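Have a look at the structure below, then the notes.
The values are calculated or read from the model by the stated rules, or taken from the named source; none is laboratory data. The model shown is predicted, which means the values in this text are computed figures rather than measured ones. Please note: Cβ atoms are built from the backbone with ideal geometry, for glycine as well, and neighbour counts cover all protein chains shown.
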Amino acid sequence: MISSNNNYIDREKSWLTFNARVLQEANDESVPLLDRFRFLGIFSNNLDEFFRVRYAAIRRLSFEQIETEKILGVPAEQLLKEITEIVIEQQSESLRILNEIEKKLEKENIFIISENDITKEQEEFIHDFFIQKVSPAVVTIMLNDLDEFPILKDTSGYLAVKLIMNSTADAASEEIRYAVVEIPNTINRFVVLPSVKEKQYIILLDDVIRYNLNNIFNIFDYKSISAHMIKITRDAQLEFDSDLSKSLIEKISSSVKERRVGEPVRFVYDQAIGKDTLDFFLKGMKIDSSDSVIPGGRYHNRRDYMSFPNLGRYDLLYRGNMPLPIPGLSLEGSILERIKKKDYLLYAPYQSFSYIIKFLREAALDPKVASIKITLYRLAKNSQIVSSLINAAKNGKKVTVQIELQARFDEESNISYSEQMQTEGIELIFGVKGLKVHSKICVIERVEEGRVKRYGFISTGNFNENSAKIYTDVTLFTSNNEILKDAAKIFDFFDVNYRVHRYKHLIVSPHYTRSRFNKLIEREILNALSGKEAYIKLKMNSISDFKMTDKLYEASKAGVKIQLIIRGICCLIPGVKGLSENIEAISIVDNYLEHSRIYIFGNAGDPEVFISSADFMTRNLDARVEVTCPIYDPEIRQELIDTFEIGWKANVKARIHAADLLNRYRKRGDEKPFRAQQEMYTYYQNKLDVIAENVQ
């Protein structure tokens, strides 16, 4: 499972191991039943993106006559084969888990039925539902007589239909016709049927269509008909043309449209399908042995299980925690006046994302605010962030927005928001050629007593009020002029990007992040060699950069104690004698997606703490605009150290990173169960209780 260089774990296999942790949650009997469905959906959605991006990239390398061992550690063809084998095994496991969850739901009087289980009472409802809702949205294509096979979208599932026609007297053999039915994305995949007494019933849209196949194909004289689900995944790489007359928006719009006809990289099919039908579709779609052809169960596009209906059964879901207020920072009154006096930290979703909206809405109305500058990467549907910025522009503020048009799979949404903001007079910046802008910063300028005073926030996550409900991220609100002066320079860099600015406080990619982190690690090495307290505590999404991994190995050899909380990819191998024996690494996968990046360096007993938009990945260090921010406020610094320690104590949802990629849970021994995300919420509740007691 390790790459040809035994010091690192293969990146792609490490990612698949992360997705296996998601699948573990779906398999965990302590997870509420309907949330187990959600984890199955997340697992499937993750896998779709993996094939569209990573698998597709390796596949392209396999076609370029180069020695991929230098890039991947193994020949590309071999890695593709190994990935496919792992995915087939994981898909089989996911199907087993799905069947198990469905059986357990039956004990809760929730039944997922197929077209073969429909009762007389349900028949009328399903027939009417098909005629009224489904039939107008169904796209059906007869395939035999087409000159070219139709392009199937990778965002949809399809039923591959085989009709055996009634023979005519002079026919030498049976006539077979093939068709494809697209399952509509505009209709909920799960159709809730009328309850019977205390029993609740659900049928998948696929089976509603199967039940009504005759309604679709009744103009044909057939003696038998069968339908099996298939799914295609395509290469999601964007290709830009060199037409200088086109704007960036036009080029990206065109490229996103071209993505819909990208090369197939994965074909998943119902393994009950007939060989002749399967061969017909593989040949028609020009899918060969170099593509990942994966047998599966009756249903695909299982990402839809993320939206499985709750049926009012909140007892089968995680209990939702109400987001808490930030101690000392009210959503009533002026948030800017409070931030003027001290820094505040928001840790979503434990605390309310509404503070960010409040900040922008106040800035939009405040007569003293002259300008707002912000970077945007991923946005919510019907974004309150965009609404606040438009409101500011309408109030005469100078609003500058750097929006990343190449945020993968959000391109169309960001283009739409760009056009909307441009119409309202907002100045847009589309980033730096060759660099994605992944930083999350906002700076406003307010005129106070004839002088400009800056306020702002710096975050580890996107300014997206929807994802803030399920992604853990930290945001620093500050009026520290030195920090915000640096942040303002980043916007200057967007405008004039041939000039490399120097920053006194912020650490900014692509120019300084790698070298600065190297220096911070080097300082811990020197402290360890001098007998001083030396440690590194890092919480991030992924570590895959070999040079940063080597630097941590060097620190471990020098005696620096290193603790890593890494949710996703971990190419570093902890606990190897003589290499990484002072490094421990865990991953926490639970109800929320761990997304915050918090970096702590011991500094001989005076710890330095940072929050960042960057992981230890080569793209974050060298090929994106990222921002790492130091935390100067002693209370916030301690708060972030506390939250890291809470994560580090995890022994319920924590798995150990290891070379064997087995996702072993951390052993508890005599310790009590410690579920970090629950304890984090309790930590912030206790902070409020302490303040309430002091007030009394």
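General remarks:
- Some residue of the stretch 549-567 being farther than 21 Å from Ala20 by Cβ and of a type in the set (Asp, Glu): yes
- The residue of the stretch 150-174 that is nearest to Phe267 (Cα to Cα), among those that are more than 33 Å from the chain's Cα centre (by Cα) and surrounded by 15 or more Cβ atoms within 10 Å (Cβ to Cβ), is Val161.
- Among the residues making up the stretch 132-163, those that are part of a helix (DSSP H, G or I) and free of Cβ contacts under 8 Å to residues at least 12 places away in the same chain are Gln132, Pro136.
- Residue check for Ala558: in contact with an Asp or Glu (Cβ under 9 Å, 6 or more places away or on another chain) and either surrounded by fewer than 17 Cβ atoms within 10 Å (Cβ to Cβ) or at pLDDT 95 or above (or both): yes
- Residues satisfying the stated conditions in the stretch 653-684, i.e. in contact (Cβ under 8 Å) with a residue 60 or more places away in the chain and either exposed (fewer than 13 other Cβ atoms within 10 Å of the Cβ) or in a loop (DSSP other than H, G, I, E, B) (or both): Lys653, His657, Ala658, Ala659, Asp660, Leu661, Asn663, Arg666, Arg675
- Residues satisfying the criterion are present in the stretch 61-68 (criterion: assigned to a loop (DSSP other than H, G, I, E, B) and surrounded by 14 or more Cβ atoms within 10 Å (Cβ to Cβ)).
- Within the stretch 469-479, not a single residue is more than 21 Å from Ala623 (Cβ to Cβ), assigned by TED's automatic domain parsing to the domain that holds Ile372 and out of contact with any strand residue (DSSP E or B) (no Cβ under 9 Å at 6 or more places or on another chain).
- The stretch 30-42, residues that are closer than 14 Å to Ser94 by Cα and either free of Cβ contacts under 8 Å to residues at least 12 places away in the same chain or out of contact with any strand residue (DSSP E or B) (no Cβ under 9 Å at 6 or more places or on another chain) (or both): Arg36, Phe37, Arg38, Phe39, Leu40, Gly41
- Residue within the stretch 2-12 that is part of a helix (DSSP H, G or I) and either modelled with pLDDT of 95 or more or closer than 20 Å to Leu662 by Cα (or both) present: yes
- Positions within the stretch 282-310 being modelled with pLDDT of 95 or more and more than 25 Å from the chain's Cα centre (by Cα), in sequence order: none
- First in the stretch 505-532 and of a type in the set (D, E, K, R), second anywhere and in a helix (DSSP H, G or I), Cβ under 6 Å, 6 or more apart: Arg514/Leu621; Glu524/Ala555; Lys532/Ala604
- Only a single item in (1) part of a loop (DSSP other than H, G, I, E, B); (2) more than 28 Å from Glu106 (Cα to Cα) is not met by Ser224, and it is number (1).
- Among the candidates Glu465, Glu449, Glu419, residue that is loosely packed, with under 15 Cβ neighbours inside 10 Å and under 29 Å from the mean Cα position of the chain (by Cα): Glu419
- Residue in the stretch 484-502 that is in the same structural domain as Lys358 (by TED's automatic domain parsing), among the polar types (S, T, N, Q) and modelled with pLDDT under 95 present: yes
- Gly157, sole failed condition from (1) at pLDDT 95 or above; (2) closer than 30 Å to Leu311 by Cβ: (1)
- Selection within the stretch 208-266 - closer than 21 Å to Leu282 by Cα, surrounded by fewer than 20 Cβ atoms within 10 Å (Cβ to Cβ) and modelled with pLDDT of 85 or more: Ile225, Ser226
- Yes/no for Ala370 being closer than 23 Å to Asp343 by Cβ, out of contact with any helix residue (DSSP H, G or I) (no Cβ under 7 Å at 6 or more places or on another chain) and either surrounded by fewer than 19 Cβ atoms within 10 Å (Cβ to Cβ) or not polar (S, T, N, Q) (or both): yes
- Screening Asn382 on (1) assigned to a loop (DSSP other than H, G, I, E, B); (2) touching a residue at least 60 places away in the same chain (Cβ under 8 Å); (3) surrounded by fewer than 23 Cβ atoms within 10 Å (Cβ to Cβ) shows it passes everything except condition (2).
- Subset of the stretch 190-206 (residues that are touching a strand residue (DSSP E or B) at 6+ places or on another chain (Cβ under 7 Å) and of a type in the set (A, V, I, L, M)): Val191, Val192, Leu193, Ile202, Ile203, Leu204, Leu205
- Taking the numbered list (1) out of contact with any Asp or Glu (no Cβ under 7 Å at 6 or more places or on another chain); (2) touching a residue at least 60 places away in the same chain (Cβ under 8 Å); (3) not small (Gly, Ala, Ser) in turn, Ile403 passes all entries but (2).
- Residue pairs whose Cβ atoms lie under 6 Å apart, sitting 6 or more positions apart in sequence or on different chains, and linking a residue in the stretch 306-318 that is assigned to a helix (DSSP H, G or I) to a partner that is polar (S, T, N, Q) and exposed (fewer than 12 other Cβ atoms within 10 Å of the Cβ), do not occur here.
- The residues of the stretch 324-379 that are in a loop (DSSP other than H, G, I, E, B) and hydroxyl-bearing (Ser, Thr, Tyr), listed by number, are Ser330, Ser334, Tyr350, Ser352, Tyr377.
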